[in-house]
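Okay, so here's the structure we're looking at.
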Amino acid sequence: MTPAPSPSTLDVVVHSGPADWWVILAGLGPLAVLIAALLAFYINWRTLKQRTSADATALEQKRAADTQALLQKTEADSRAEWWRRTQWALDRALDQDEGTKALGLATLEVLARSELARTEELELFDIAWKSVWGDENGDDNGQDADAAQEVPFVDVDGNIGENGTTDEDKTKEAGA
């Protein structure tokens with residue numbers, strides 16, 4: 001084996017002139033990465049803020065639409081139930097039995113005062129009233145009926161049921 005020659009000296013030459021442009025650009029690389037990261041953070045933050053605001057607005061609009069839909073459904077359900085009661089009362093008002101007829105007409109009178117009654121339905125009530133009592137009594141709703149054609153009213157003496165309760169009685173809670 002032969003021994004390795006000893007290392008020789010190396011001469012280093014340092015130029016003290018201005019640096020080349022690519023050297024300067026390479027030194028600014030980390031600063032450029034930091035600026036790009038900050039810019040990306042700002043853009044993402046603004047996007048998130050805008051989406052959050054848009055989501056809140058959409059949620060508020062959906063709540064308002066749901067509230068409106070619920071109100072419309074409630075009103076439609078109330079009107080449907082009102083009409084079901086009206087049909088029942090009209091059937092009773094056109095019955096041959098005087099007591100049943102009086103019950104139907106009294107129910108129609110109550111239903112006519114409801115805020116759910118529209119003009120068209122009130123016209124139907126007038127037609128039913130005229131068919132029961134005749135045309136001469138249809139316009140004044142029977143307020144001025146002849147003595148010969150007395151209208152029997154339900155609850156004439158204020159009794160609602162056989163138990164003697166009236167609409168003026170108040171219910172009491174147990175133990176009160």
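Values as computed for the structure displayed
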{"item": "Furthest towards positive pole of dipole, V13, A54, G27, structure part segment 1-100, Cβ charges", "result": "V13"}
{"item": "Segment 72-131: relative contact order in percent, alpha carbon pairs under 8 Å with at least 6 residues between", "result": "29 percent"}
{"item": "Label point 7 Å beyond Cα of E60 along Cβ direction - residues of segment 17-54 with amide nitrogen under 15 Å", "result": "50-54"}
{"item": "Additional length obtainable on full extension of the chain from A19 to D95, 0.36 nm per residue less Cα span", "result": "16.1 nm"}
{"item": "Burial order of peptide ranges 106-113, 90-97 (average beta-carbon count within 10 Å, highest first)", "result": "106-113, 90-97"}
{"item": "S131/R84 FRET efficiency (R0 30 Å; Cβ-Cβ; nearest 0.05)", "result": "0.90"}
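A short reminder: the numbers here are calculations on the coordinates, not readings from a lab. Predicted, not measured: the structure shown is a model, and the values here were computed from it. For neighbour counting, all protein chains shown are included, and Cβ atoms are generated from backbone atoms with ideal geometry for every residue, glycine included.
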